[in-house]
1. Would you mind stating whether T183 is more than 15 Å from the chain's Cα centre (by Cα), polar (S, T, N, Q) and more than 16 Å from I244 (Cα to Cα)?
2. Identify, please: which residue in region 175-193 is at pLDDT below 95 and over 14 Å from H155 (Cα atoms) and is, among those, most open to solvent (accessible area, probe 1.4 Å)?
3. Name the residues in region 85-121 that are of a type in the set (D, E) and surrounded by 15 or more Cβ atoms within 10 Å (Cβ to Cβ), would you?
4. Answer with yes or no whether F70 is open to solvent by less than 80 Å² (accessible area, probe 1.4 Å), touching a His at 6+ places or on another chain (Cβ under 9 Å) and of a type in the set (F, W, Y).
5. Give T76, T87 a once-over and let me know the one that is of a type in the set (S, T, N, Q) and within 21 Å of H156 (Cβ to Cβ).
6. Take residues that are under 30 Å from A105 (Cα atoms) and tell me which of the strands (runs of 3 or more DSSP E) falling wholly in region 1-83 contain 3 or more.
7. Do the conditions hold for I244, that is, is it surrounded by 14 or more Cβ atoms within 10 Å (Cβ to Cβ), assigned to a loop (DSSP other than H, G, I, E, B) and modelled with pLDDT of 95 or more?
8. Can you spot a residue in region 37-54 that is acidic (D, E), open to solvent by 60 Å² or more (accessible area, probe 1.4 Å) and modelled with pLDDT of 90 or more?
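The values are calculated or read from the model by the stated rules, or taken from the named source; none is laboratory data. This is a predicted model, so every value here is computed, not measured. Backbone-built Cβ (ideal geometry, glycine too); neighbour counts: all protein chains shown. The accessibility values were calculated without ligands, DNA or RNA, using every heavy atom of the protein model including side chains. Shrake-Rupley method; radii C 1.70, N 1.55, O 1.52, S 1.80 Å.
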Amino acid sequence: MELEGFSERLMRYLDHVEYRRVETSEDLEAIEQLRYKAYKAANVLPVAVPSMIDDADFDPHAFVFGIYYFEELVSTIRLHHVTPQHTLSQSAGVFPDVMEAYLDAGLTLIDPARFAVDPDVAGEMPVLPYITLRPSIVAAAYFKADRVLQHVRPHHAAFYKRVFYAETVVDRRMTEIYGLELTLMATNTHTTGDKLLRRYPFFDSGVHERRLMFGRQDKRSAFDPLTILPSARLVANGKISGAIAGLDY
């Protein structure tokens, strides 16, 4: 399949996708159920953890998203905006030395975690990982982050290297909470942002979408929609401006 064909195929999926910021107990319950279902199917349930919802979900720098396809919840992801002033992140639990070095250098990071895809849908939607991970790229533009991190199982590293131009930071490290090895990777937004968005335009976004995704409630209108529609097609068709090199990344 040619790259242009793949990009347009993903755009067609995005036409029926909504991103929902999870801010209600009802939505959070659905997220917990999906996490459990996906992690159990992959045999990676955390050891001795009573719930798939934790304190990090309520951190002020955390953003939990449900991804809906034709109004059905199909996947979820949590993003942390990590700064030298706000250091909480999922990756710090496994790679504290690396995270400390990044923050000591003054870098800001987007740290995705709790990636979960409905196993009943995954086979029918092989593009779902791209759609689920898209908010991490939108977040990088909104926060002007220096890196997007990926702590993943080693056999998934090739995907992140190919799609996100991610570099391996730590090849393998055993985790106590999951009882398996993880690899830490990082996408340098400054050196790869432009070619990433050119190659995969469905990762691009307009200013309005970014604000809806990551602006906090006290900065948003009471009439803002509960769900957020992707703006990548509008950017690709020249209707609105997307992320700008040198300004957003």
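1. So T183 passes the test.
2. Among those that are at pLDDT below 95 and over 14 Å from H155 (Cα atoms), it is E176.
3. Passing the criteria: D111, D118.
4. Taking the combined requirement at face value, the residue does not satisfy it.
5. The conditions single out T76.
6. 62-69, 72-82
7. no
8. no
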